[in-house]
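Working notes for the structure below.
The values are calculated or read from the model by the stated rules, or taken from the named source; none is laboratory data. All figures in this text were calculated on a predicted structure; none of them were measured in a lab. When we count neighbours, we look across all protein chains shown, and the Cβ atoms used for this are built from the backbone with ideal geometry, even at glycine. The protein model used for the area step is the full one, side chains on, heavy atoms only, and it has no ligands, DNA or RNA in it. Shrake-Rupley method; radii C 1.70, N 1.55, O 1.52, S 1.80 Å.
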Amino acid sequence: MQRSKIKKILECEQAGGQFTVSGWVRSVRQSQNLAFIDLVDGSSGAGLQVVLEPSIKAYALADSLHTGSAVTARGTLVESPAKGQRFELKAEDLVLVGEADPETFPIQKKKHTLEFLRQKAHLRVRTNTFASVFRLRSYLSHAIHEFFRGRGFFYIHTPIITASDCEGAGEMFHITTADKKHFFGRPAYLTVSGQLEAELLALGLSEVYTFGPTFRAENSNTPRHLAEFWMVEPEMAFYDLQDNMDLAEDFIKGILEYLLAHDREDLEFMERWYQPGLLGQLESIAASEFVRLSYDEAVKLLEASGKSFEFPCSWGHDLQTEHERYLTEEKVRGPVIIHDYPAAIKPFYMRLNDDGRTVGAMDVLLPRIGEIIGGSQREERLDVLERRIRKLGLDEKNYWWYLDTRRFGTAPHSGFGLGLERTLLFLSGMANIRDVIPFPRTPGSAEF
Ligand code: 4AD
Ligand code: MG
């Protein structure tokens, strides 16, 4: 059977075509002896109106159709006499594929709270909101691949099982089997970042990116943290920190432009229901120049702000979300890149600056979100790197392969990580990170 997607049907130039469509009933009403079905199949937020006339056999099914039922309809596309849509499908046949009992199906045609829908994550894609968010997530993934493909980057796959703590923050999930102490002959973890392996491949392929799931056992129940999230990590040989920041800025703008060009419909939906002014904000950021501040300058601005922060800001401490939001939302009113952080608060792999107290790190901060990208220039000097590893109390033996790349043809290189869900929070206007990943994993919660 040749089935058509509703999005394609709604884009038809003229009426008259014959179509078969399958989808789910969003709502159904009967009036003047006709049954009107609002049918969706996920391909677009707009539904197709399917009209059942008493003259067809399937009309007898009208009473058994409810919100959530799966159906296949066949018919002719005709001009719609009603307001709100150009075409409707005059059904010649309709099959009820799967029933949905209105007494028990939880997703009825009314506004449910996002908290309620989180408990129904197995069914929430049937709502307009989550269908939009998950379509945006797919377009965002395409945007990422398109951006890097256009620049000749190679897409690589870094391992999910690892034996080293890249970020050195100790927030790793241990993995083994029930009956073995160390399945891999040594302690092993779920990766917190593909960076170290991406570096190995960049020092050969020059420009690469990895894009996959990462895991952090940080016990933070915030609207911005997940225990399992997706990260995009480009890594580039012969890039210094400046090149790295330039790429990060172009990357964010490139993504915004792609989404504005390819999925405006869903952005408009999110603007209407969740984030007034969303499209204007995305457009202005895509056209803006990101402000760049050194960590020193950022701390001075925060100290001079006159704000009473919950965590007072002083040199040597990491910036808190409240500091990031002040800088992006009040001070700069746009994206900010902060660079050259104190060495003491950053991981071992970041390149030590000549001042001996800061490293070539950079974070990109966005309004509403705070940190969306974290990256750095990497330490390419063997002796400096070895000293740093020892100083942080890490076991050099675990990094012999990483150190080897600094022994053989070492080169300056840089990279960063962009959090996919944080990006989607920004793009969709959703407020909670649990609402932009289909099945969120957070402390105490791994249902579905
Ligand atoms: O700043 P992070 O920790 O950087 C790294 O992991 C580097 N190794 C990346 C690199 O240089 N290749 O994480 C990068 C981004 C953050 O800016 C944030 O957007 C996201 O990953 N992120 C999280 N997103 C959701 N939940 C969490 N628990 C996250 N932790 C980080
Ligand atoms: Mg970070």
Residue check for Ser193: in contact with a helix residue (DSSP H, G or I) (Cβ under 8 Å, 6 or more places away or on another chain) and open to solvent by less than 50 Å² (accessible area, probe 1.4 Å) = no
Within the stretch 403-425, residues within 16 Å of ligand 2 (Cβ to nearest atom), within 30 Å of Leu279 (Cβ to Cβ) and open to solvent by less than 30 Å² (accessible area, probe 1.4 Å) come out as Phe416, Gly417, Leu418, Gly419, Leu420, Glu421, Thr423, Leu425
The condition of being within 16 Å of ligand 2 (Cβ to nearest atom) and either on the phi < 0 side of the Ramachandran plot or open to solvent by 70 Å² or more (accessible area, probe 1.4 Å) (or both) holds, among Arg292, Arg325, Arg264, Arg272, only for Arg325
Please verify whether the stretch 179-189 includes one or more residues that are more than 16 Å from ligand 2 (Cβ to nearest atom), open to solvent by 60 Å² or more (accessible area, probe 1.4 Å) and outside any loop (DSSP other than H, G, I, E, B).
-> no
Can you confirm whether the stretch 367-376 contains a residue that is more than 16 Å from ligand 2 (Cβ to nearest atom) and surrounded by 13 or more Cβ atoms within 10 Å (Cβ to Cβ)?
-> yes
Given (1) more than 28 Å from Leu200 (Cα to Cα); (2) assigned to a loop (DSSP other than H, G, I, E, B); (3) free of Cβ contacts under 8 Å to residues at least 40 places away in the same chain, number of the condition Gly334 does not satisfy | (3)
Looking at the stretch 330-340, is at least one residue over 30 Å from Leu259 (Cα atoms) and open to solvent by less than 50 Å² (accessible area, probe 1.4 Å)?
-> yes
Filtering the stretch 65-86 down to residues that are assigned to a strand (DSSP E or B), touching a Gly at 6+ places or on another chain (Cβ under 9 Å) and open to solvent by less than 10 Å² (accessible area, probe 1.4 Å) yields Val71, Ala73, Leu77
Which numbered condition trips up Arg224, out of (1) within 16 Å of ligand 2 (Cβ to nearest atom); (2) closer than 25 Å to Ala131 by Cα; (3) not in a loop (DSSP other than H, G, I, E, B); (4) not acidic (Asp, Glu)?
-> (3)
